[in-house]
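Worksheet: the structure to be examined is printed underneath.
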Amino acid sequence: MGQVLTKNRRKNRVKNLQCKEEYFIKNGGILLEKYMALSNGREIGEGLKILSQEEIKNATNNYDPDLIFARLREAYVYKGTLDDRVVFIKTPKKLDLNPELADLFLTEMSILMVLHHENLNEVYGCCLETYIPMIAYLYAPRDKDYKVLYQYLHGDLGLKTVLKWKSRLKIATHVAYALSYMHNALSKPMVYRDVKSLCILVIDPLFSAKLANVAHLVSISLGKKDKRWPVFGTPGYIDLEYMETREVTEKCDVYSFGVLMLEVLTGMNPSEIARCGRDLVGEFVSKAETSEGFKEMIDSNVLKEGVNMTELQRFSRLALKCVARLALKCVANKCKGRPSMISVVEELWQMHTS
């Protein structure tokens, strides 16, 4: 009986090793193809670590639920340690043989290998030994910590820190930089498609921001009618014109960014409002026409901060209204009426320096 069990264990061990090797070769080949397609044939840069499944397991303490930093649609993000470095590790919720999910993770990995920007999450390494690859990202600088913008604005984790207006403006500017880079860095624009406060990491206490989770980013052709994509995004943030036409353009991101700016201004949750059959853009437009209505829409924490300032009138009417005007340009009904992300960055930068 013991000999039979030993033989079965050996067979399983051999089978597992064969699967790991098979997945490693398949995933590596696909990843290379995707990278070459995005990078116009440039050589892969140095520094990307290829991690084993065992290393991922150890780094996450055997996928300890207490180490989960974020729960996404299709994945868990763990906060773990690799080579004495703190990292984020993105793993699928289920290790089923799901070809679409495997492709999604490989797409994200190839995008992260091509795009390098200080306001995008930086990749550290990947594990190709599983059917669905796993991705490791670099964590915050030493002695700093990450929180999600959603936590600051909506306090779902009981976060006590109140996000000051200057920090809100800084975070919005950093997100705008990241989107502008994605739209213009490569020969084909890359559209993020899911701009929202849940996808923005804020380095505490610097209040600099990074856009995370590029898995659903798509590459589009300039000046051509691109293929029709299934509508993707988060209710409350999705471009209404995109929902009608299913045509992905950079202006889809501009619209969602405009909603994000309104979220930063008002402290209201666009998704929660959408669940009630309403929308933040419509509510803001209808109420903000009068001075009293505008004031009513602004986050009370921002207004309290203004009360403590000597120039309350200037603070509320100029700084807040400038951001509101820019946000409303971004959420124009037709994409042709919206600014580019480069223009958005310029306007936000002027607000910083004025």
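The values are calculated or read from the model by the stated rules, or taken from the named source; none is laboratory data. As the structure is a computational prediction, the values presented were derived from the model and not from experiment. Counting neighbours? That spans all protein chains shown, and the Cβs are built from the backbone with ideal geometry, glycine included. The area values use the complete protein model at the heavy-atom level, side chains included, leaving out ligands, DNA and RNA. Shrake-Rupley method; radii C 1.70, N 1.55, O 1.52, S 1.80 Å.
Just name the residue that is nearest to G337 (Cα to Cα) out of those in segment 258-291 that are assigned to a helix (DSSP H, G or I) and small (G, A, S). I'd like the intermediate steps shown before the answer.
Just the residues of segment 258-291 that are assigned to a helix (DSSP H, G or I), to begin with: 258-266, 270-275, 280-287, 291.
Filter once more, keeping what is small (G, A, S): 258, 271, 274, 282, 286, 291.
Working: G258: 13, S271: 24, A274: 24, G282: 17, S286: 20, S291: 25 Å.
The selected residue is G258.
Of everything in segment 88-111, what is open to solvent by 10 Å² or more (accessible area, probe 1.4 Å) and among the aliphatic types (A, V, I, L, M)? Give them in sequence order.
Hits for segment 88-111 are L95, L97, L101, L104.
Output the residues belonging to segment 243-267 that are farther than 21 Å from L348 by Cα and either free of Cβ contacts under 8 Å to residues at least 24 places away in the same chain or acidic (D, E) (or both).
Restricting attention to segment 243-267, the residues satisfying the condition of being farther than 21 Å from L348 by Cα are 243-249.
Within segment 243-267, M243, E244, T245, R246, E247 meet the criteria.
Quick one: L198 ticks every box in (1) part of a loop (DSSP other than H, G, I, E, B); (2) touching a helix residue (DSSP H, G or I) at 6+ places or on another chain (Cβ under 8 Å) bar one, so which box is it?
Checking L198 against (1) part of a loop (DSSP other than H, G, I, E, B); (2) touching a helix residue (DSSP H, G or I) at 6+ places or on another chain (Cβ under 8 Å), the one that fails is (1).
Out of all the residues in segment 22-32, is one or more open to solvent by 70 Å² or more (accessible area, probe 1.4 Å), assigned to a loop (DSSP other than H, G, I, E, B) and at pLDDT 55 or above?
no
Is there a residue being out of contact with any helix residue (DSSP H, G or I) (no Cβ under 6 Å at 6 or more places or on another chain), in contact (Cβ under 8 Å) with a residue 40 or more places away in the chain and open to solvent by less than 30 Å² (accessible area, probe 1.4 Å) anywhere in segment 77-87?
Yes - at least one qualifying residue is present in segment 77-87.
For segment 209-239, enumerate the residues that are of a type in the set (S, T, Y) and in contact (Cβ under 8 Å) with a residue 60 or more places away in the chain. Spell out the reasoning first.
Step one: of segment 209-239, the residues of a type in the set (S, T, Y) are 219, 221, 234, 237.
Hit for segment 209-239 is S219, nothing else.
Of the residues K170, K147, K188, which is charged (D, E, K, R) and out of contact with any strand residue (DSSP E or B) (no Cβ under 6 Å at 6 or more places or on another chain)?
Values: K147 fails: out of contact with any strand residue (DSSP E or B) (no Cβ under 6 Å at 6 or more places or on another chain); K188 fails: out of contact with any strand residue (DSSP E or B) (no Cβ under 6 Å at 6 or more places or on another chain).
Checking each option against the conditions leaves just K170.
Every residue, every condition in (1) open to solvent by 50 Å² or more (accessible area, probe 1.4 Å); (2) of a type outside the set (A, V, I, L, M); (3) over 25 Å from L320 (Cβ atoms), yes or no:
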{"residue": "V162", "(1), (2), (3)": "yes, no, no"}
{"residue": "S219", "(1), (2), (3)": "no, yes, yes"}
{"residue": "L222", "(1), (2), (3)": "yes, no, yes"}
{"residue": "D239", "(1), (2), (3)": "no, yes, no"}
{"residue": "Y242", "(1), (2), (3)": "no, yes, yes"}
{"residue": "L262", "(1), (2), (3)": "no, no, no"}
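May I ask you to say which residue of V202, V191 is surrounded by 16 or more Cβ atoms within 10 Å (Cβ to Cβ), under 18 Å from the mean Cα position of the chain (by Cα) and under 17 Å from V264 (Cα atoms)? Can you show your working first?
Working: V191 fails: under 17 Å from V264 (Cα atoms).
Among V202, V191, only V202 is surrounded by 16 or more Cβ atoms within 10 Å (Cβ to Cβ), under 18 Å from the mean Cα position of the chain (by Cα) and under 17 Å from V264 (Cα atoms).
Would you mind stating whether L186 is farther than 15 Å from M261 by Cα, hydrophobic (A, V, I, L, M, F, W, C), free of Cβ contacts under 8 Å to residues at least 60 places away in the same chain and open to solvent by 20 Å² or more (accessible area, probe 1.4 Å)? Working first, answer last.
Numbers: farther than 15 Å from M261 by Cα: yes; hydrophobic (A, V, I, L, M, F, W, C): yes; free of Cβ contacts under 8 Å to residues at least 60 places away in the same chain: no; open to solvent by 20 Å² or more (accessible area, probe 1.4 Å): yes.
It is false that L186 is farther than 15 Å from M261 by Cα, hydrophobic (A, V, I, L, M, F, W, C), free of Cβ contacts under 8 Å to residues at least 60 places away in the same chain and open to solvent by 20 Å² or more (accessible area, probe 1.4 Å).
Run down K170, K210 and say which single residue is part of a strand (DSSP E or B) and open to solvent by 10 Å² or more (accessible area, probe 1.4 Å).
Numbers: K170 fails: part of a strand (DSSP E or B).
Of the residues listed, the single one that is part of a strand (DSSP E or B) and open to solvent by 10 Å² or more (accessible area, probe 1.4 Å) is K210.
Pick from A136, A178: which is over 21 Å from E74 (Cα atoms), of a type outside the set (S, T, Y) and either free of Cβ contacts under 8 Å to residues at least 40 places away in the same chain or out of contact with any helix residue (DSSP H, G or I) (no Cβ under 7 Å at 6 or more places or on another chain) (or both)? First the steps, then the outcome.
Values: A136 fails: over 21 Å from E74 (Cα atoms).
Within the list A136, A178, the selection yields A178.
Pairs please, first residue from segment 89-105 and within 15 Å of V214 (Cα to Cα), second anywhere and of a type in the set (S, T, N, Q), Cβ atoms under 6 Å, 6+ apart in sequence or on different chains.
From residues that are within 15 Å of V214 (Cα to Cα), the pairs are I89/T60.
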